Every structure is written in structure tokens, then in C-alpha cells.
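Report on the structure given below.
Read-outs: derived from the displayed coordinates by stated rules, not from any lab. Not measured: the values here are computed from a predicted model. Note that we place each Cβ from the backbone using ideal geometry, even for glycine, and neighbour counts take in every protein chain shown.
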Amino acid sequence: MVGMERTAAQTAFAEFLNDRSLNAQQMRFVEMVIDQLTARGVMKDSALYEAPFSQLHTGGPDELFAGKESVVDSLFATLGAVHSGLSSVASG
């Protein structure tokens, strides 16, 4: 198994999926994170600044979510938690 289960990825990012203050482009960004985790299982933080994410905004998540720094911080924290959870499962 390479990727993460889609429902697990959606659960991890449910806070963002349910955030009605995000615009369509920002929601698409979150969905793309889920897609990447489903396909690959893990991804580096730096990937959020590369294609396909950079196609939504060349400035990366910092500029895509301008004015919503707490959302960006939470995205990175959630991604880190997902990685921590996967590595503890793999080593357990």
C-alpha cells in the first residue's frame, strides 16, 4: 500500500473541508493535498510550493491564503501530524 486511505486523509483535513470562510481556490488546494496523500501517502511541506499546487497560486499557500495565516499554520501542522501518525503506524 503506497497511499493513504482517502477517508483517513479527509478526516485529517476535515477542519479545512468544513471551513466556510475558504474560497473555491483555497478549497481546491486542500482537496489537492488530500489527493496527493491518497496517491502517495506522504508529501514534504515543500511540495506545497511546487506543481500542481503552484498552478493555483505561484506564491504558494502563503499567498493563496493571504490574511489567513492561521489556516496556513494549521495546514502545515495537520500535514506534520499525518506524517507522524503514518510513521508511528509503520514502525509499530
Just need a number here: residues in region 9-51 that are touching a helix residue (DSSP H, G or I) at 6+ places or on another chain (Cβ under 9 Å), charged (D, E, K, R) and closer than 17 Å to S70 by Cβ.
3
I need every pair where a residue in region 16-28 that is in contact (Cβ under 8 Å) with a residue 12 or more places away in the chain and among the hydrophobic types (A, V, I, L, M, F, W, C) has its Cβ under 7 Å from the Cβ of a residue that is surrounded by 14 or more Cβ atoms within 10 Å (Cβ to Cβ) and in a loop (DSSP other than H, G, I, E, B), sequence separation at least 6 or different chains.
F16/L22
Within region 57-76, identify whether any single residue is touching a residue at least 24 places away in the same chain (Cβ under 8 Å) and over 14 Å from the mean Cα position of the chain (by Cα), and answer yes or no.
yes
Taking region 14-63 as the search range and keeping residues that are among the hydrophobic types (A, V, I, L, M, F, W, C) and either in contact with a Ser or Thr (Cβ under 8 Å, 6 or more places away or on another chain) or outside any helix (DSSP H, G or I) (or both), which one is surrounded by the fewest Cβ atoms within 10 Å (Cβ to Cβ)?
A51
Does region 65-76 contain at least one residue that is of a type outside the set (D, E, K, R), surrounded by 15 or more Cβ atoms within 10 Å (Cβ to Cβ) and at positive phi?
no
